[in-house]
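The values are calculated or read from the model by the stated rules, or taken from the named source; none is laboratory data. The structure presented is a predicted model; accordingly, all values stated were derived computationally and were not measured. Here the Cβ positions follow ideal geometry from the backbone for every residue, glycine too, while neighbour counts run over all protein chains shown.
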Amino acid sequence: MTEGVLAGITTAVAALDERQSIALVKQALEGGESSVRIVRAAQDGMQTVGLRYEQQDIFLAGLIMAGEIFRAIMDLAQPGLENELVGDASGHVLLGTVAGDIHDIGKNMAALTFRMFGFTVDDLGTNVSPERFLEAVKAASPDIVGMSGLLSAAFTSMRDTVALIKSHADELTRVPVTIVGGGTIDEMAARYIGADHWTTDAMEGVRICQGFMEGIRRPVAGAR
Ligand code: B12
């Protein structure tokens, strides 16, 4: 039954049908469905919204509507996410949506997921310039710099940010690992950006960073 409800959520979000999206999310939650799976289903619907926009089947108002629907779904799913996503990783993440981009739904989800797994997150907000990232890296010495963005133009901002941080490595007490995220990033974009890691999924991003933190904590063989 729940697979059908999840598919219904994807379809309702894609159709920008707020009432149906909310009704199905409530039904899924009441049926004991995982909040992670519910949010993933909604995220798939958002991809279709993007395609509809590209094909000029919907316009800017449709994107705005999609954002509102996703927010409403997150309000319902968040308590469940907080129960499901638990971990005791520690590590400090500096996070922001890069210059020129104001998409923040994914960034906020990434922030929530990192926090749920025990990371400390400093969220710099949206439209964050490379210089602002560097300034914050110098001030806070984070383990990880996470950059979010969905626009093609954001890939250039990500590339500039990664390059600026690397070019100041000798002034930093710790060179942070860099990870970029966003549903429009692919292998080719990732290669262009040059960050250490990339992902289109917040959970996967957290796992990558957990692995990185474990790696730096593991004592070197033979060391006292
Ligand atoms: C909703 C939406 C909007 C809303 C955003 C609301 C908000 N507050 O964020 C509004 C209406 C503001 C908007 C505006 C625009 N948008 Co828009 N938008 C979308 C849409 C439909 C969904 C994005 C979304 O929220 N997805 C759901 C979230 C949860 O997914 P996500 O972001 O991928 O995040 C997940 C992972 O990627 C990951 N993640 C994200 N960041 C990070 C970071 C780290 C470190 C980690 C580890 C993980 C991680 O975690 C999340 C959960 O798993 C997309 C379509 C798409 N394919 O994405 C278009 C899309 C991104 N928009 C697009 C466009 C063109 C625009 C506008 C230029 C439209 C216009 N003419 O004005 C403006 C740009 C404004 C700007 N300067 O940024 C295009 C971009 C095309 C391109 N390649 O450049 C897209 C792809 C639509 C399309 N197919 O044409 N948009």
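Just to be sure before I move on: is Ile58 farther than 30 Å from Cys209 by Cα, aliphatic (A, V, I, L, M) and away from the ligand (no atom under 14 Å from the Cβ) in the structure I sent? Spell out how you get there, then give the answer.
Values: farther than 30 Å from Cys209 by Cα: yes; aliphatic (A, V, I, L, M): yes; away from the ligand (no atom under 14 Å from the Cβ): no.
In short, no.
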Notebook entry, point to check: What are the residues in region 167-191 that are part of a helix (DSSP H, G or I) and surrounded by 13 or more Cβ atoms within 10 Å (Cβ to Cβ), if any?
Noted result: Ala189, Ala190
Check: What are the residues in region 104-151 that are in contact (Cβ under 8 Å) with a residue 40 or more places away in the chain and among the acidic types (Asp, Glu), if any?
Finding: Asp104, Asp143
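Restricting attention to region 6-14, does a residue exist that is modelled with pLDDT of 95 or more, touching a strand residue (DSSP E or B) at 6+ places or on another chain (Cβ under 6 Å) and either near the ligand (Cβ under 9 Å from one of its atoms) or among the hydrophobic types (A, V, I, L, M, F, W, C) (or both)? Even if it seems obvious, please write down each step before you answer.
Initial filter on region 6-14 (modelled with pLDDT of 95 or more): 6-14.
Then drop every residue that is not touching a strand residue (DSSP E or B) at 6+ places or on another chain (Cβ under 6 Å), which leaves none.
No; the residues of region 6-14 include none that is modelled with pLDDT of 95 or more, touching a strand residue (DSSP E or B) at 6+ places or on another chain (Cβ under 6 Å) and either near the ligand (Cβ under 9 Å from one of its atoms) or among the hydrophobic types (A, V, I, L, M, F, W, C) (or both).
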Next item on the list: Return yes when Leu76 is assigned to a strand (DSSP E or B), more than 9 Å from the ligand (Cβ to nearest atom) and either modelled with pLDDT of 95 or more or of a type outside the set (Phe, Trp, Tyr) (or both) and no when it is not.
Entry: no
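I need the full set of residues from region 103-121 which are in a helix (DSSP H, G or I) and within 6 Å of the ligand (Cβ to nearest atom), in order please.
The initial filter retains those residues of region 103-121 that are in a helix (DSSP H, G or I), namely 105-116.
Result: Ile105, Gly106, Lys107, Met109, Ala110.
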